[in-house]
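S.K.: What follows is a single structure, and I will ask about it in a moment.
The numbers here are math on the coordinates, done by the rules we state, and not lab data. Keep in mind the model is a prediction, meaning the values are calculated, not measured. Cβ: placed from backbone, ideal geometry, glycine included. Neighbour counts: every protein chain shown.
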Amino acid sequence: MTYTYGLIANPLIKIMKTILIAGIFGIAAFGASSASVISPIFAPGDFVIGGQLIENIDFSVIEFVVAEPGFTGWTPGEGPENAIDGVGQPYTYSGPIDIGLVVRPSAQTGSLVANQIQVWAGQNQIATDPISFRLFGTDNSLPTDVGAAIPMSRFDMIASGDLSLLEARNAGGNAALLEENSQIVSFENDRAYRNYLITFSSAESLDGIVDIDDFITHFSEVQLFNVVPEPSAAMLCLLGVGLLSTRRR
Ligand SMILES: [Ca+2]
C-alpha cells in the first residue's frame, strides 16, 4: 500500500508544485513588466562625427563618408553634435544618400547594452523628418578626417526600423526635448559597442520634386537607451523561496 500511495502521491505533489511555481512566475512576470531602469547612453560632449552613407549600384551600403562641417553637408549651427546636445537644437543635413552620425559614448555609459532608440522631431516641416533608421556598432578605431570613407564591413548591424514622427515639432535652440515630439523604438540586442553609427533616410525632397540632390534630413535629437526590467517584489520572493528550497535539499 505504501508503495502504491507513493506512486500516486508523488506525481500529484509535483503537479501542485508546478502550478504553484507557474503562478508565482506569472505574478513575477506581471510585476517585472511594470517598471524598468532606463539609462541613456549618449551625453552632450561625446565624440561625434557626421556624414552620409554611400551605396553601391545595387543599393547595398558600402561605406560611411565623414562630411566637412558647413560645406556640402550640414547647415552651420546644426551639425551632428546637436543630435546629442540634450536640447532641441537640430541636426540638419543635406545630401543625396542617407545621412548619419557616429557617436562614441563615455566608457561608463558605453558599457551599457543599447536596446532602445528615441528620436525627436526637429522644427522643420515633416517632409524632412527621418522615416527610417539603421543602427550599427563597432569596437574598431575609426578614421575621422573629412572625406574619410569607413567601410561598412567594420560595423555590425544592430537594428533597423521605420520611423513615423507625429506633426508635433520640437523647438530648436535651448528648448527642452519633449516626449510628445518623439518616437521610441525598442529592439533586441545583447552587446555593447565602443562606437555607434546611426543613419537615417528622409521622406522626400523639400520642394516635393523627386531629386536626390535636394534631400534634407532634420531632427532635434537621437538617444540610445539601455532598458532593464526591474525585478518585482514577487520575483524577489520567488528567489527567496528558491534559495530556501535549495538549502533544504
Ligand atoms: Ca539637439
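S.K.: List, in order, the whole-Hz ³J(HN,Hα) value for each residue of the stretch 62-68 obtained from phi through the Karplus relation with A = 6.51, B = -1.76, C = 1.60 and θ = phi - 60°; use x for Gly and Pro.
M.R.: Per residue, the Karplus-derived 3J(HN,Hα) values read 10, 7, 10, 9, 6, 8, 8 Hz.
S.K.: Using the per-residue mean of other Cβ atoms lying within 10 Å as a proxy for protection, in what order, highest first, do the peptides 139-149, 156-166 fall?
M.R.: Packing order, densest peptide first, comes out as 156-166, 139-149.
S.K.: For the stretch 99-210, what does the relative contact order come out to in percent, with C-alpha contacts under 8 Å and a separation of six or more?
M.R.: In percent, rounded to a whole number, it is 49.
S.K.: Excluding Asp85 itself, what net charge comes from residues whose Cβ is under 12 Å from its Cβ, given Lys and Arg +1 and Asp and Glu -1?
M.R.: Around Asp85, the surrounding residues sum to -4.
S.K.: Moving on to the next point. Can you give the extra length, in nm with one decimal, that the chain gains between Val37 and Thr144 once fully stretched, where that is 0.36 nm per residue apart less the Cα-Cα distance? Intermediate values should be presented prior to the final figure.
M.R.: Details: separation 107, 0.36 × 107 = 38.52 nm, distance 3.37 nm.
In short, 35.2 nm is gained.
S.K.: Across the stretch 129-138, in residue order, what do the Karplus-derived ³J(HN,Hα) couplings come to in whole Hz, using 6.51 cos²θ - 1.76 cosθ + 1.60 with θ = phi - 60° and x for Gly and Pro?
M.R.: 5, x, 10, 7, 9, 9, 10, 10, x, 7
S.K.: So if each residue of separation counts as 0.36 nm, and I subtract the Cα-Cα distance between Arg194 and Val228, what length gain in nm does that give?
M.R.: Value of the extension gain: 10.3 nm.
S.K.: What is the calculated FRET efficiency for Ser160 to Ala107, with r their C-beta to C-beta distance and R₀ = 30 Å, to the nearest 0.05?
M.R.: 0.65
S.K.: A further question follows. Loop-only GluC sites (Glu not before Pro) in the stretch 93-188, please: DSSP not H, G, I, E or B, and at most 15 other Cβ atoms within 10 Å. Each step should come with its number before you reach the end.
M.R.: Values: sites: Glu167, Glu179, Glu180, Glu188; in loops: Glu167, Glu188.
In loop regions of the stretch 93-188 (DSSP not H, G, I, E or B), the sparsely surrounded GluC sites (Glu not before Pro) are Glu167, Glu188.
S.K.: Turning to a different aspect of this structure: Computed FRET efficiency, Cβ-Cβ of Ala175 and Ile54, R0 30 Å: what is it to the nearest 0.05?
M.R.: Once rounded, the FRET efficiency stands at 0.35.
S.K.: Can you tell me what percent of all Cα-Cα pairs in the stretch 37-229 are more than 29 Å apart?
M.R.: Values: 2616 of 18528 pairs.
It works out to 14 percent of all Cα pairs.
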